[in-house]
Structures are given as structure tokens and as C-alpha cells.
Amino acid sequence: MVAKNTCVNSDTYGHLYFAKELKRQKVGPFGEIILKVVGAKGFRAPFFWHWLVSFFPIKKILQLQKWINPVIDALFAALIYLVALRMGLDRQTSFSIVLLYLLTPMWFSGVSIGPRINNFTPRLISELVTNLFFILTLLPLGIPVWLNLMLTALLSSLVLLSSKFGLQALLFLVPLISIIIWNPLPIAALTIGVVVTFTLTKGNFLKSTKEQLHHLSWYLRKNLKGEMAISSRNRLKSLFARPSSGGGLMQHTGLVLLRCISDNSYTSVLFKMPLLPVAFALYALSLIKGTGVIPLTILAPVIGATIIFIIINLPYLLFLGEAERYLNHVAFFISAMTVLLAVDAGKEWLLWILFGYGSIFWLIESLILPKLRSNMQKESVDEDIIKHLNSLKKTVVVLSYPYHAVGFWRIMLETEHHICTQIGTCDDFLANFENKYADDYPFVKLDKLDEMAREIGVNYFIATKASLTSRGLGNWTASHEWRKIEIGEPIYSVYLRIID
């Protein structure tokens, strides 16, 4: 139901574009591709997931993408039920763990920076496979050590080959959790997984990791300057700021609530993962009363991920991604910890409150929220612009303001045109672009538009009217070198350069 009204987001277009280029350029899962960007150089990333996707028709995936991840997640829910039974838990407790997992908003909600379920990207596979990695390396499931090491090494290799964020999650979580529980098996499995990955890719894994570090260093510099959207992510000022369009108390309250759910890491966890504070409250109560002790095999991943969550939320480390996503990589353990402590304390009523809260959240997001923020008009307008681009007889260089207006990944996926952006470019181009044209990401300096056209060939410009207004440029128009195209209303202003 939550996925029913989902539109394809920018991340999905981007990952499907990678899959398309891997197939078109005949690169394979461990090579590099050339993106359709100005100043392009070879671009590397963990492409194994994209390579697998490239065997299927991209158009069919776009039609079905909102259903693929829900099906995968449902299969995972069935798997953790079997895992709970294998641990020796009774059916009711095992079912409670599954139900709590399914009804925790963090793990089904589409109100977030990068939805986990509603859009088809490597994100879900990374989170589920990492959960399974820790399940196998930490829990007493009766699997021989040699087989366990073999399976978990392959699982870690799958994550390393498929997801940049998954690589970070493994590198941060595995050593810390291994130390907390004093168990070398996770580190051994990850080490073997790295060796397997390096061998399979013939060293190309190291090259893609360097590419990731290069991107993170750029992201860090921009974050330190306060030029990224995430730079103010957890600030109260940003949380309670009034909308630029004004509006009354109800509109402001609704906007603050939306920011609490989607933009701020701390409030996002409180609203969408309430079982985490409940779990720690129950754990503290058990220590005070000296009642049942939660197994360290369940507790360690939750403590480790929570420590990482707190550290990544430090202002200077926000460039390492949404901190709550590290918690998602141990979702099974958070659910199991909450259920086991509640049952042990005789407070099953807390579970029913969490079930009820998740059900209400699910109903609101499935039935009410789509009516409040319909994207039908935007989808139609975006489609018109894509059709217009495909009708042009010559290849153009598209610049969007901000970069995600219509979506540069979508434009590269669905048209033959090139994009002006800061991703996938050579160092010299990026340095020149940053110095002369880049503004706070994801914007450029509009007063330099004509110069960008002359120097780097920009000849098609798309600007969202809302962004122009919010940045004090509501009356902005392009110079006489541009002709306004009669498409994009009422969302965009679209211009085509008429002077070569």
C-alpha cells in the first residue's frame, strides 16, 4: 500500500542509468563507465548489483520498480522468522519480532531522503545482506565454523561489490561490534570477503574504493564550508524555520513535522524507530531490577550501531551519510532486543503500543499522505520535458537549477543528451567549475549562465520556480541569448540557447 503511490525517485534513475551504461559500454561489473556529463572521465563504483540488473529490460524495471523491494523485504521477514525459531524462541515471540520489523516506520516509510522500500536501488540489498551477515556470525544457529565463514565472506563480498554505503557500514560496524562482543568471527569473515572481492575484481575494487574516497573528500570539503544540504541537517534552526512562501500556523506546523520525520536524524529515529529508545529503556530497567539479561549476541549490534549513529551525526561527519541508515543494517537485532526485553519484563503491552503506532503510521502514509502531496502534476510536466528533449535534432548540454530539477540521472537515462554537473568529471574540469560556477550545492551561480554556455557548452536550462523564489530570484529571466520554451509550467522555467 505504501509503495502503491510511489513515483520513481532520482536514486532509482541513477542506478538504472549505471546498469544501462554497463550494458551499452560492455564493461562488466568491475570496470569503469563514461557518464554523459561535460568533462567526463572514467567513473567507477561497486557495480555488481547494477550488472545483474542490466540483464533485464530497463523500461520493464521502471514499470515494476516500486514492487520489487517490498517483495524482497517480505521474503526477508519470512527468513528472520525462521532464524528466530532456530534460536530456540517460541512461535509467538518469533512472530512478534517479525511483526515489529514490518510495522516499524523507519523500515517501510517513503518519507525520507532515500526511501528504503519504495524505490529500487542497492540500498535494501545492502541492509538486508548485512543483517544476515551479523545473524550468521553472531547467533548460535548450529552452523559449522568453516561453512559460516564461507557464507559470510560471500555475503560481505556481495555488499562490497554492490553498495558504497554498504562498504562504509561494514567497515564501521564490524570491528566495533566484534570488539563489544569479543568475537573475531565477523572480522575474519569480512577480511576473507575483502580478499575474495579483491581477487574477483583483479584489483579494480581498490580503484573503485579510491573513487569513493575521492568523492567523500569532496563531500567533506563542501560540508565543512556549509555548502551541502546535509550541513544543517540536525540544527534546530533548520527544523523550525518558517517556509519561504509564508503560510499560517498549520502550514508551518505541518512542515516542521515533515522535517522531523525526514530531515533530522534524531527526530527521525524518535518518530520512525520508536522501538530503539523503548529497547534501551527496557534494558536499563532490567539492569536496575537485576532481572533477565539480554544475550550479548543480540545486544552488541544494537549498541555498536547506536554508537556509530551518534558519531556520524557529529557536524563534521555528516558527509558519511544519513546516520540512521547504519541502524537499519542491524534492524533484526533492534527488533529482537525490544521483543525479548519486553517479554522478559512482562511488558508485552509496550509491543502492542508499538504495533498500533506503526499501523497508524502505515495507514496515514498509505491512504492520507498521497492525497496531500500528489506528484501527478510534476510527473506529467517532467514527462513533457523529457519528450521535448527527445524531439531535439541535435545533442544539447542540459543544466538544471537545482541539479535534481527533472533529474539529471533521468535525463541521462531516457535521452541522448549530456548534463552539466559535478559528478563523474575530471579533476581539472571540477576545479574550474567549483571555482567559477558552483554555488551552494546543488545550485550554480545564475549570473554566470552565459559564461557557462560559452565556455562549457550549456545550451538547455531548466530551473524550478520554487528554487528561484526561495533564493530571492523570483523575477529572474535568462538573457537575450536564450529563448524561453513553452513547457514546464507551472513548475519550471525552461530555456533553449539561440546563440551558438
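At a Förster radius of 35 Å, what calculated FRET efficiency corresponds to the Cβ-Cβ distance of residue 214 and residue 311, to the nearest 0.05? Write out the running numbers ahead of the final one.
Values: r = 22 Å, r/R0 = 0.64.
Once the sixth-power term is evaluated, E becomes 0.95.
Coupling constants for region 460-465 follow from the phi torsions by the Karplus curve (6.51 cos²θ - 1.76 cosθ + 1.60, θ = phi - 60°), and in residue order they are 8, 10, 10, 10, 6, 5 Hz; glycine and proline get x.
At R0 = 51 Å, how high is the FRET efficiency between residue 266 and residue 147 if r is their beta carbon distance? Nearest 0.05 is fine.
Values: r = 41 Å, r/R0 = 0.80.
Using R0 = 51 Å, I get an efficiency of 0.80.
Could you work out how much longer the chain between residue 74 and residue 427 gets when fully extended? Use 0.36 nm per residue separation minus the Cα distance between them, nm to one decimal.
Details: separation 353, 0.36 × 353 = 127.08 nm, distance 4.34 nm.
That works out to 122.7 nm of additional length.
For region 435-468 and region 227-286, what is the separation of their C-alpha centers, rounded to whole Å? Between the Cα centre of region 435-468 and that of region 227-286, the gap is 32 Å. Classify the chain from the C-alpha gyration tensor, please: rounded if a/c falls under 1.5, else prolate or oblate depending on whether a/b exceeds b/c. Because a/c hits 1.5 or more and a/b exceeds b/c, the chain counts as prolate.
Gyration tensor analysis over the Cα atoms of region 376-497 returns equivalent ellipsoid semi-axes of 21, 17, 14 Å (largest first, whole Å).
Highest mean packing comes first when the peptides 395-403, 444-452 are listed by Cβ atoms within 10 Å, giving 395-403, 444-452. Helix-only arithmetic for the chain: the sum of -39500 (n - 2.57) across DSSP H runs with n ≥ 4, divided by the residue total, places the mean residue ellipticity at 222 nm at -18500 deg cm²/dmol.
From the square roots a ≥ b ≥ c of the eigenvalues of the alpha-carbon gyration tensor of region 401-473, which class results: rounded (a/c under 1.5), prolate (a/b over b/c), or oblate? Oblate, since a/c reaches 1.5 and b/c is not below a/b. For residue 198 and residue 352, the FRET efficiency from 1/(1 + (r/R0)^6), where r spans their Cβ atoms and R0 equals 56 Å, is about 0.70.
Once the chain from residue 225 to residue 25 is taken as fully extended at 0.36 nm per residue, the excess over their C-alpha distance is 68.3 nm.
Rule-based calculations on the coordinates, nothing more; no lab input. Just so you know, these numbers come straight off a predicted model, no measurement behind them. Neighbour counts run over all protein chains shown; Cβ positions are idealised from the backbone, glycine included.
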